[in-house]
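The values are calculated or read from the model by the stated rules, or taken from the named source; none is laboratory data. Everything quoted here is computed from the prediction, not taken from an experiment. Cβ sites come from the backbone with ideal geometry, for glycine too, and all protein chains shown count toward neighbours. Keep in mind that these areas ignore ligands, DNA and RNA; they rest on the heavy atoms of the full protein, side chains included. Shrake-Rupley method; radii C 1.70, N 1.55, O 1.52, S 1.80 Å.
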Amino acid sequence: MALAAARAAAFDVLERVQTGGYASDLLLARAAALDSRDAGLATAIVFGVLRFRAQLDWLIERLAGRPRKLDSEVRTALRMGLYQLRGLERVPPHAAVAESVELVHRARKRSAAGFVNAVLRKAGREAVEWPSREIELSCPEWLLARWERHYGAQAACAIARAALEEPVHYTCGSRPQDIGSQSIVPLLGLAPGHSVLDVCAAPGNKTAQALAAGARVVACDLHHRRLAPMKSLTASLVVLDGTRPLPFGRRFDRILVDAPCSGTGTLGRNPEIKWRLTPADLEDLQRRQRALLTNAQGALAPGGLLVYSTCSLEPEENEAVIACVPPDAVIETMRRLPGRDPGDGFFAAVIKSVKPANG
């Protein structure tokens, strides 16, 4: 049988996510080759599988009758089939089963075709009593436990449940931008003519907000390829590593450090993060975030304001980072939690310029 383009694309994306890719980027790269209907189905399958992965893997083991070591391609085909059977009512069951079997053939794992067929034909849409909250919420227990420790049991579950939902799409001006992300730039208190340094600017949503407020923005990022799409916004683009001393011979009225982070506040739109993040990653991120903040402070003009922000829920990337700032320099902090507040999770701190101790 001819394999539907949507399922072939979804399979390929999920396999590449396993090796470090990001689903949104990979789907966007394939969008031009698919019609809108196929692109929509591929997107629904990819994000459904990633959001509900723990549930799907538990069901595979239960339907198979015992734990099995499965090749990646076989497990991906099973996850896709199960998600369509349980989560996409518009997909006919026979199509979900037959095309999952065909995916295994396409991946040259023909010996597993009968197994895939047998497992999926046992699957139904009936309610399931999940064995643990880790499975029910499809979220690693170590993340649930730390959110419970920091925010309470109810908030932890709400964060995890929010990550199982398709995010609401918001816009800011003419650009798609999460409502939580939109809340950061106003903390800078911009006025027309303010000079602004956006240290980690790509993809440019916050730069666009600052420009719309009448500010003069220098937008920076580590990679030229990430800054290139921003040429239509501003000509003041600088490729630099913000963890090293900044190359500017002047200071700025306002500085935004929207730091690269774990992204645990964005699991609804980036569900692969919860399956690949480790506690050790938080330590490495914190080192870089502290360097970004320290270097940015040196470029802040007297009387200026700096906003440090992340889309992380983890204190190591937030409170522990701004702990390197004198306490009297932190004017206010803001936190948004998924499941409590609309949109993605964010943390931000507004920091004023401080005279050097020997000043």
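Quick notes on this one:
- Dipole magnitude of region 102-185 about its Cα centre (Cβ charges: Lys, Arg +1; Asp, Glu -1), debye to nearest 20: 560 debye
- Measuring only protein heavy atoms, the 1.4 Å probe finds HIS94 accessible over about 140 Å².
- In percent, rounded to a whole number, the relative contact order of region 92-165 is 19, using alpha-carbon pairs under 8 Å and six or more apart.
- For region 1-128, accessible area per residue (1.4 Å probe, heavy atoms of protein chains only), Å²: 50 Å²
- Relative contact order, whole percent, for region 300-359 stands at 47, derived from Cα pairs under 8 Å and 6 or more residues apart.
- Note that region 220-342 presents 46 Å² accessible area per residue, ligands and nucleic acids not counted, probe 1.4 Å.
- Placing unit charges on the Cβ atoms only, positive for Lys and Arg and negative for Asp and Glu, gives region 1-100 a dipole magnitude near 360 debye about its Cα centre.
- Dipole size of the chain about its Cα centre, with +1 on Lys/Arg Cβ and -1 on Asp/Glu Cβ: approximately 600 debye, rounded to the nearest 20.
- Mean separation of Cα pairs under 8 Å and 6 or more residues apart, divided by the residue count, gives the chain a relative contact order of 14 percent.
- Report summary: the helix-based calculation at 222 nm, which adds -39500 (n - 2.57) for every DSSP H run with n ≥ 4 and divides by the residues of the chain, gives -13000 deg cm²/dmol.
- Heavy-atom accessible area order for ASP328, ASP341, largest first, 1.4 Å probe: ASP328, ASP341
- Solvent-accessible surface (1.4 angstrom probe) belonging to LYS352, in square angstrom, nearest 10: 90 Å²
- Euclidean distance between Cα centres, region 153-229 to region 322-340, Å: 17 Å
- Degrees separating the helix 53-64 axis from the principal Cα axis of the chain, which is the longest one: 20 degrees
- Ranking GLY114, GLY339, HIS223 by Cα position along the charge dipole of the chain, where only Lys, Arg, Asp and Glu carry charges on their C-beta atoms, puts GLY114 farthest toward the positive end.
- Of the solvent-accessible surface of the chain, computed with a 1.4 Å probe and all protein chains present, 52% belongs to carbon and sulfur.
- Among beta bridges from DSSP that stay inside region 151-278, the antiparallel ones total about 15%.
- Cα gyration tensor, region 205-359 - rounded (a/c under 1.5), prolate or oblate: oblate
- Averaged over its residues, region 150-218 has an accessible area of 43 Å² per residue, based on protein heavy atoms and a 1.4 Å probe.
- Exposure of SER174 as accessible area (Å², to 10), given a probe of 1.4 Å and all protein chains: 110 Å²
- Ranking LEU34, LEU28, LEU82 by solvent-accessible area of protein heavy atoms (1.4 Å probe, all protein chains present), from largest to smallest, gives LEU28, LEU34, LEU82.
- Degrees between helix 93-106 axis and first principal axis of the chain (Cα, 0 to 90, nearest 10): 80 degrees
- Most to least accessible of SER236, SER181 (protein chains only, probe 1.4 Å): SER236, SER181
- Beta bridges per DSSP with both ends in the chain, % antiparallel, nearest 5: 45 percent
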